[in-house]
Amino acid sequence: MMKKLTNMLSRCGKLVGRHRRRRCTANHIQILTVIGYTLREYYSQVRGRDEDVIEILGLSYDFRERCPLCRGRDCVQFIGYYPRRVVDERGTYYKAFPVARYLCNRKGTALIVKHRTFSLLPYQLVPYTKYAIPFIIYSLKKVYGEDLSVKGLLDYLAGIEEKYIDPSASTFYAFRAFILTSIDKMLAMGFYKESAALLQIPSERQRINVFLVFAGDFICCKTDPLNRGPCALGYDYYMEDGGYLRNAHFLFGTPSQFR
């Protein structure tokens, strides 16, 4: 059973953007991070800056006491940002969205991974796909919640002015598969038993609808202030699995350390 679950988790997240799947050679781990801002606000504050994102945004992390990778004290070193493509919650495309990266100087002995660096991934983002979670959820709601046809959705997305995205039917179907995989993860881990019965109904359409409602109404009590919505659910799942101290799995997508 555990082998089957591990194999399933390792495959999750490869569905979105699989038409451009490539071999992963990443040597860092990704830590899911609540940033307290929209992606647009984050970008406007962080772009072009040399300072640590923790200082810029006032994040609660203090890695001086414990390194996420080796547990060492005064071990972590901020080494800058790496760029990645992002389509944010409003459909705006960013060619070089900055993500903070850090180096473990191996001052501790309790190594949890072989990697030497880690990054703080805003919790709205999905590893290895440019589409943000809110954008994916919004697109699915249009079809499954408002009964818009797939063609109608693509026509609507094509009309967004502040964007540079290439919506296609295959993109939408990848979104659908991506959410179904996330549902399977939730059921496998058993963190949210109150929704388990509803998410196991035979109808794929109903399963997705139930998930969209559950995710939209979800309140995460593990943040201060409380956080609500699909991204909050993703972070809650991450923390239920132990967070970065246990190198936890993601609900949405598969981070680099598990590829």
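A short reminder: the numbers here are calculations on the coordinates, not readings from a lab. Being a predicted model, the structure only gives us computed values, none of them experimental. Methodologically, a virtual Cβ is constructed for each residue, glycine included, from the backbone with ideal geometry; neighbour enumeration extends over all protein chains shown.
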**Item:** In Hz, Karplus ³J(HN,Hα) per residue of region 199-213 (6.51, -1.76, 1.60; θ = phi - 60°; x = Gly, Pro)
**Value:** 7, 9, 5, x, 5, 4, 4, 5, 4, 5, 4, 4, 5, 4, 5
**Prompt:** Out of residues 5 or more away from residue 78 or on other chains, whose amide H comes under 5 Å of its own, with H placed 1.01 Å from N in the peptide plane?
**Reply:** 103
**Ordering of 103-109, 28-34 by packing [mean C-beta count within 10 Å, highest first]** = 28-34, 103-109
**Prompt:** Tally Lys/Arg at +1 and Asp/Glu at -1 over every other residue whose Cβ is under 14 Å from the Cβ of residue 223; what's the total?
**Reply:** -1
**Prompt:** Just how large is the dipole of region 18-253 about the Cα centre, in debye to the nearest 20, putting +1 at every Lys and Arg Cβ and -1 at every Asp and Glu Cβ?
**Reply:** 1100
**Message:** Using a 7 Å offset from the Cα along the Cα-to-Cβ direction at both residue 79 and residue 213, what is the distance between the two label points in nm, to one decimal?
**Reply:** 4.8
**Item:** Long-range HN-HN contacts of residue 220 with modeled amide H, under 5 Å
**Value:** 227, 228, 229
**Whole-Å distance, taken between Cα centres, linking region 235-255 and region 121-160** = 23
**Message:** Less than 14 Å apart at the alpha-carbon level, and either on another chain or at least 8 residues along: which aspartates and glutamates does that give for residue 107?
**Reply:** 65, 74
**Message:** Kirkwood hydrodynamic radius, computed over distinct alpha-carbon pairs, for the chain: how many Å, to one decimal?
**Reply:** 19.1
**Prompt:** Per the Kirkwood formula on distinct C-alpha pairs, the Rh of region 127-259 is how many angstrom?
**Reply:** 15.8
**Item:** Karplus 3J(HN,Hα) series, Hz, for region 240-252 with 6.51 cos²θ - 1.76 cosθ + 1.60 (x for Gly, Pro)
**Value:** 4, 7, x, x, 5, 5, 10, 6, 6, 6, 9, 6, 9
